[in-house]
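**Student:** Quick one: this structure, given as structure tokens, is what I'll be asking you about.
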Amino acid sequence: MRGGRFDSQASLFGDEGQGRIMQATVGVAGCGALGVTLVTVLAEAGVSRFVLADQDYPEITDLNTQFIYAMSDPRPKAQIAAQWITAVNPLAELEVHAERFDESTKTMFDCCDIIADCLCDPKASAVLSDYAAERGKAVVYADVCGFEGRVAVSAPGSSSIGEIVGKVEPYAEPRSNVGAAASAIASIQALEILRAISGAGSANAGRLVEFDLESMKSSTVERGF
């Protein structure tokens, strides 16, 4: 792979790890403020198989945090995100679900090696957590509100996402969001996914890390295995 697109990350993941990144199937639940940065970073890094799920359509209030959308494009977010990914990585293979993730649709992620929880919805995240624990799938969760964000990693055999984040108070609604904060948290989420699918592993399995982007401080919440 040397002399190619991924030279600058080869020393981090190795050739075998890069191969795993390119072969992995990543499920993305939510193509909003977190999801748009997540899919961009993963596609840039060589992820070539995605399953996307989001039932929403772009709204004008999305445009300060969701840079791939425009009010002139009336398609569902999941469809627009799929086109965006293929522009970043023309080799990408995509399965698109312009529908809500819930109990009736959760099997859409059966083919995935890992799932990104970008839902920003505690109830939907609980369904995803139970599904992943039942199927033995890894999940990397993220959430963001204002200048604060959270990332949690659940690997098969570790605490589920529900167990990790269950005792943390959900962010208050309605939320304040700024694109820079959402992109920062989503980039950390993407890095955890890349470490997992490359085989490098994560030191954060079973943990939730909370970020204060105003003070640039972080704290870790441990959950028992």
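**Student:** Could you grab me the full set of residues in the range 142-159 that are buried (at least 22 other Cβ atoms within 10 Å of the Cβ) and either free of Cβ contacts under 8 Å to residues at least 60 places away in the same chain or of a type in the set (Asp, Glu) (or both)?
**Tutor:** Matches in the range 142-159: Asp143, Ala152, Val153, Ser154.
**Student:** Moving on to the next point. Which of (1) free of Cβ contacts under 8 Å to residues at least 40 places away in the same chain; (2) touching a His at 6+ places or on another chain (Cβ under 7 Å) is the odd one out, the single condition Met108 does not satisfy?
**Tutor:** (1)
**Student:** Next up: Residues that are within 20 Å of Cys31 (Cα to Cα) and at pLDDT below 95: find the helices (runs of 4 or more DSSP H) completely inside the range 121-225 holding 2 or more of those.
**Tutor:** Output list reads 122-135.
**Student:** Restricted to the range 172-225, and to residues that are surrounded by 11 or more Cβ atoms within 10 Å (Cβ to Cβ) and of a type in the set (Lys, Arg), which residue is farthest from Gly149 (Cα to Cα)?
**Tutor:** In this case the residue turns out to be Arg195.
Residues checked against (1) in contact with a His (Cβ under 9 Å, 6 or more places away or on another chain); (2) in contact (Cβ under 8 Å) with a residue 24 or more places away in the chain; (3) of a type in the set (Asp, Glu):
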residue	(1), (2), (3)
Glu169	no, no, yes
Glu173	no, no, yes
Val178	no, yes, no
Ala184	no, yes, no
Gln189	no, yes, no
Glu192	no, yes, yes
Gly199	no, yes, no
Ser218	no, no, no
Val221	no, yes, no
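**Student:** Take the residues in the range 39-60 that are polar (S, T, N, Q) and either in contact with an Asp or Glu (Cβ under 7 Å, 6 or more places away or on another chain) or within 16 Å of Cys120 (Cα to Cα) (or both); name whichever of them is surrounded by the fewest Cβ atoms within 10 Å (Cβ to Cβ).
**Tutor:** Once the filter is applied, the top-ranked residue is Gln55.
The values are calculated or read from the model by the stated rules, or taken from the named source; none is laboratory data. No experiment lies behind these values; they were computed from the predicted model shown. Because the Cβ atoms are built from the backbone with ideal geometry, glycine has one as well, and the counts that use them run over all protein chains shown.
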